[in-house]
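The values are calculated or read from the model by the stated rules, or taken from the named source; none is laboratory data. On a predicted model such as this, the values are computed, not experimentally measured, just so you know. Cβ: placed from backbone, ideal geometry, glycine included. Neighbour counts: every protein chain shown. With ligands, DNA and RNA removed, areas are computed over all heavy atoms of the protein, side chains included. Shrake-Rupley method; radii C 1.70, N 1.55, O 1.52, S 1.80 Å.
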2 protein chains.
Amino acid sequence: MTDSYFRTTVFVLMACLGYTGCTTVEKTESPESITVKSNNGEYPDYLYQYSIIDALLSGVYDGDLSVGELRKKGNLGIGGFNRLDGELYMNEGEVYKIRYDGSVHKVPDTEKMPVAFVKHFQADTIFTLIQKGMDYENFKSRLKSLLNCNEMYAIRISGIFPEMLTRAPAPGKKPYPPLAEHLKENQYEFGLEDTEGTAVGFCLPAYMGRVNVPGFHLHYLSDDETSGGHVLDFVADSLYVEIDKASGFVVQSPDDERFLRADLQKDRKKEIEEIE
Amino acid sequence: MTDSYFRTTVFVLMACLGYTGCTTVEKTESPESITVKSNNGEYPDYLYQYSIIDALLSGVYDGDLSVGELRKKGNLGIGGFNRLDGELYMNEGEVYKIRYDGSVHKVPDTEKMPVAFVKHFQADTIFTLIQKGMDYENFKSRLKSLLNCNEMYAIRISGIFPEMLTRAPAPGKKPYPPLAEHLKENQYEFGLEDTEGTAVGFCLPAYMGRVNVPGFHLHYLSDDETSGGHVLDFVADSLYVEIDKASGFVVQSPDDERFLRADLQKDRKKEIEEIE
């Protein structure tokens, strides 16, 4: 594949994503994001996360944060539900669950989760990425060349996906095993064909490993709200890409026995590479 | 050394530090902490940090956060100053610099720093630890048995120190080398004898490695404000110990070229073990 396949239309100066530290926001391409009002205290432009990825990896599949509380912390993000019952997808403040049987459900504010990562999304860079037969690796490679790997970014991509491969876990049974072990037998994959939809998530720096997932981490929902999941791969010819650089991150530490008893000493870098 | 050497007077139920998730606060032993008013938004009980330890380790010795801004984020903490000119010590909102020549200076709000870790300190557990000839290792071992290593704690210890070994770095010269390399030639140590004073800092979980310093990290100032530094070791017979468990942490990412160009991909775990 050569660069001639790439035809990237950049609506906002891409230098904003480079080393300049520029945070200019061009809203004209994303009118819906203008209406986003932050209520995240004095850290409105921060990524907020409840618990850490290493707790989930170690087998902490239950937590106390409710969806209602999470929605105060951001309007776009990803996570999981208690017992590991499905993938959490949040876009424009709406929260969905994609279960291991492929079904999609709107989630009530009372439902709880063991881990979640969200942000008040206000795209500061928007562009359309066009490449025939672009897969997830192509996309990541292209984005990495535009982003600074020391920064944190919330990402939203929309388009038509001739192919989209996702997964969702079946719920765990107590005593919960480490996540990588659980997924060996309980990961359900969905090869979705010709869907139109939106994937949301983050691209995070290596130094956040153990706290969150380094690199790209996206969850998908089709526009007709009938399919989705944790993104494993996809094929698309054109993607509308919105990026929101975060100014920092906030980690809420679960104050309960499950978290406090977890084995968080072990470095689970290999486990996360195995499952992502 | 046997347990008979230990005579620990615990004023507040130590179970608060265990697996119970108890956050009961007993203020009677620490009247000064009652007056602490948080202005850290909706995260008053969070550790706040500007930049990450890996940036400092990689050679980012300059930053843009002012002492005035830092004092809004907490009233107790540690850090460094631009160019690596001295150790930062903050207690009860007052900020001091301990330089490589051993001198101590009150710091104006305009001075800037590359990294700092602070908290609005409100001790939730207070006790006196008595052990003849207790050194830093004894202290850490004793505290570790009382704390939960998955939690974050701000710590303040006061007492008479027959011996206190501290350090401060000489300022770096551009281009700045990695911290471990700089300290090989530029670490000045101070063997302080018979001082009375207070050390402040944190005990943090392993999963915060790369973002902050895992384990104990304390800076010291003598009561007469003439000596101090980064704590390497000490001997004391009795310590007044105040502990404030944090509910989470906030990381502000420096939005400047020095941080963005830093090599933050490398895992610098060994370097941090070398210098701490």
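Within region A:30-56, the residues that satisfy the criterion of being of a type in the set (A, V, I, L, M) and either over 20 Å from B:Met152 (Cα atoms) or at pLDDT below 95 (or both) are A:Ile34, A:Val36. Can you find a residue in region B:128-145 that is β-branched (Val, Ile, Thr), crowded, with 21+ Cβ neighbours inside 10 Å and out of contact with any Lys or Arg (no Cβ under 6 Å at 6 or more places or on another chain)? There is no residue in region B:128-145 that is β-branched (Val, Ile, Thr), crowded, with 21+ Cβ neighbours inside 10 Å and out of contact with any Lys or Arg (no Cβ under 6 Å at 6 or more places or on another chain). For region B:217-267, enumerate the residues that are more than 14 Å from every other protein chain (Cβ to nearest Cβ), more than 22 Å from B:Glu94 (Cβ to Cβ) and either crowded, with 20+ Cβ neighbours inside 10 Å or free of Cβ contacts under 8 Å to residues at least 24 places away in the same chain (or both). Once the filter is applied, which keeps residues that are more than 14 Å from every other protein chain (Cβ to nearest Cβ), more than 22 Å from B:Glu94 (Cβ to Cβ) and either crowded, with 20+ Cβ neighbours inside 10 Å or free of Cβ contacts under 8 Å to residues at least 24 places away in the same chain (or both), region B:217-267 yields only B:Ala236.
A quick yes/no check of all residues on (1) open to solvent by 40 Å² or more (accessible area, probe 1.4 Å); (2) within 14 Å of another protein chain (Cβ to nearest Cβ); (3) farther than 21 Å from A:Lys269 by Cα:
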residue	(1), (2), (3)
A:Asn150	no, yes, no
A:Ile157	no, no, yes
A:Phe161	no, no, yes
A:Met164	no, no, yes
A:Pro169	no, no, no
A:Pro177	no, no, no
A:Glu181	yes, no, no
A:Gln187	yes, no, no
A:Phe190	no, no, yes
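Among the residues of region A:102-121, which ones are surrounded by 16 or more Cβ atoms within 10 Å (Cβ to Cβ) and closer than 10 Å to A:Val67 by Cα? Matches in region A:102-121: A:Val107, A:Glu111, A:Lys112, A:Met113, A:Ala116.
With respect to B:Val241, determine if the residue is of a type in the set (Val, Ile, Thr) and closer than 20 Å to B:Leu143 by Cα.
So B:Val241 fits the description; yes.
Of everything in region A:75-94 that is free of Cβ contacts under 8 Å to residues at least 60 places away in the same chain and within 13 Å of the chain's Cα centre (by Cα), the residue that is nearest to A:Ala123 (Cα to Cα) is A:Asn75.
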